[in-house]
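Inspection log for the structure reproduced underneath, given as structure tokens.
The values are calculated or read from the model by the stated rules, or taken from the named source; none is laboratory data. All of these numbers come straight from a predicted model, not from anything done at the bench. Here the Cβ is made from the backbone with ideal geometry for all residues, glycine too, and neighbour counts use every protein chain on show. Protein only, heavy atoms only, side chains kept; ligands, DNA and RNA dropped before computing areas. Shrake-Rupley method; radii C 1.70, N 1.55, O 1.52, S 1.80 Å.
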2 protein chains.
Amino acid sequence: MPWYNSQIGVDILNLNYPDGRKFNRPSNKPTLSTSAKKKILFGDRGMTLEEEINESNKYYRSHDIAVIYKKPTPIQIVKVDYPKRSRAVIKEAYFRQASTTDYNGIYNGYYIDFEAKETKHKNTFPLKNFHQHQIDHLKACQKQGGICFVIIKYVLLKRYFIMPAQNLITYWDNQKHDGAKSIQFKQITDCSIEINSSYNPTLPYIKAVQQLIDSEKEK
Amino acid sequence: MPWYNSQIGVDILNLNYPDGRKFNRPSNKPTLSTSAKKKILFGDRGMTLEEEINESNKYYRSHDIAVIYKKPTPIQIVKVDYPKRSRAVIKEAYFRQASTTDYNGIYNGYYIDFEAKETKHKNTFPLKNFHQHQIDHLKACQKQGGICFVIIKYVLLKRYFIMPAQNLITYWDNQKHDGAKSIQFKQITDCSIEINSSYNPTLPYIKAVQQLIDSEKEK
């Protein structure tokens, strides 16, 4: 039996998938379990980046620090059954590609908008992790004065970075000219703020967001 | 054949449903067609409030005025098939109740968060249109400095109002003491800003939002 048939009752919000066409296995899949020991040592209990962010958002909401949610994945519904005296059942539906980023919300008066990506590369971050419409969305939100960024998790290095959307946009747009299909690790560390993981919240990214806001103000 | 079986290929975003348990017929359903003539005269082409807002949001995005989207409805997925050489098919899923409001985004640096409701009542607006978690969400966003409100459409009166979330919260919380299960039309007009419909955008609600922001600043 393939792994996904055992996912009965699992909320889609806890699954991991990058686009509407291909439904990837969650990255807490068995093949990652080789590093399980290390994960326990580091106290992150093998969470995916999405789980870490969702946990942190719960913490931020319950402590009145920020109200940020992951948007549900858009689904195209084809067939719904309405059994008598029971709730509607979706019988045929497909994953659609989201037209925006995954997360948005508010922190201390600031509109927050970001995408979260994990990579198993060590020295590079492929730009194909993004889609044109996400870049366009980040550009549009920036124009309105939003705080926009990407959270990048280097799974093997266990390091997390907040890269300002402006840097991603620059690398994205430069692709056409310089042909670079990925961002180098050093380029990311040079323009990003590192997030140090902790117990509460799991991923204290708002602290890094505050640094980003402070540095924007200085400009 | 019931009407909904003919909805093949219709995007869920264009359907109308208030909660995860009951899937209501869209309000552009045949029973409303008695007023079709009137609708054509008034130029709104029988759109639901959701359609009017979505159309307006498209206009606002394409004119760099605001970036606001309706959040996809959360779906609980139970069974997914992965046919070879073809995209994943969701075979069993259920509508879930959203934990937040329907719309959020950014306008001119302000975090915008709102719920949209239409009613066929003329003199009253039942509070059962809302859920406790939506009220809690609006309270939390207000605390963070967001611009929070409800767009109410009186379908039969063809009038639209932006009611500040604070007023809704007050009426909601007062229920326990005064037992009032609905807000009277006069109470709504007294605390709300009316939106006048137009051609571009269909529902120029951002104009009313700006008035709301201006009046908040005066306080």
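What separates the residue B:91 label point from its copies, with the point 7 Å along Cα to Cβ, is 1.4 nm, written shortest first.
Rounded if a/c is under 1.5, else prolate if a/b beats b/c, else oblate: with a ≥ b ≥ c from the C-alpha gyration tensor eigenvalues square-rooted, which is region B:116-193? It is oblate, given that a/c is not under 1.5 and a/b is not larger than b/c. Protein heavy-atom accessible surface, 1.4 Å probe, per residue over region B:107-219: 47 Å².
Straight-line cross-link reach from residue B:217 at under 18 Å between alpha-carbon atoms covers these aspartates and glutamates, not counting any fewer than eight positions away in the same chain: B:113. Put simply, the amide H of residue B:118, placed in the peptide plane, has neighbours under 5 Å in B:153, leaving out anything fewer than 5 places away on its chain.
Volume of the convex hull of region A:173-219 (Cα atoms only), normalised per residue: 109 Å³. Among the listed pairs B:71/B:176; A:70/B:79; A:70/A:139; B:58/B:128, those with a Cα-Cα distance over 24 Å are B:71/B:176; B:58/B:128.
Sorted on the mean count of surrounding Cβ atoms within 10 Å across their residues, most packed first, peptides A:120-132, B:169-181, A:163-175 read A:163-175, A:120-132, B:169-181.
With a 10 Å cut-off around each Cβ of A:62-68, the average count of Cβ atoms from other chains is 3. Evaluating 6.51 cos²θ - 1.76 cosθ + 1.60 at θ = phi - 60° for every residue in region B:57-64, the Karplus couplings come out as 5, 4, 4, 4, 5, 6, 9, 6 Hz, glycine and proline recorded as x. Normalised by the number of residues in region B:47-166, the average gap of Cα pairs under 8 Å and 6 or more apart makes the relative contact order 20 percent. Taking one quarter of the surface of the convex hull spanned by the alpha-carbon atoms of region B:57-142 gives a direction-averaged projected area of 9.4 nm². Calculated translational diffusion coefficient of region B:77-218 (10 °C, 1.306 mPa s; Stokes-Einstein with Kirkwood radius over alpha-carbon pairs) equals 94 µm²/s. Total buried accessible area between B and A, probe 1.4 Å, nearest 100: 4700 Å².
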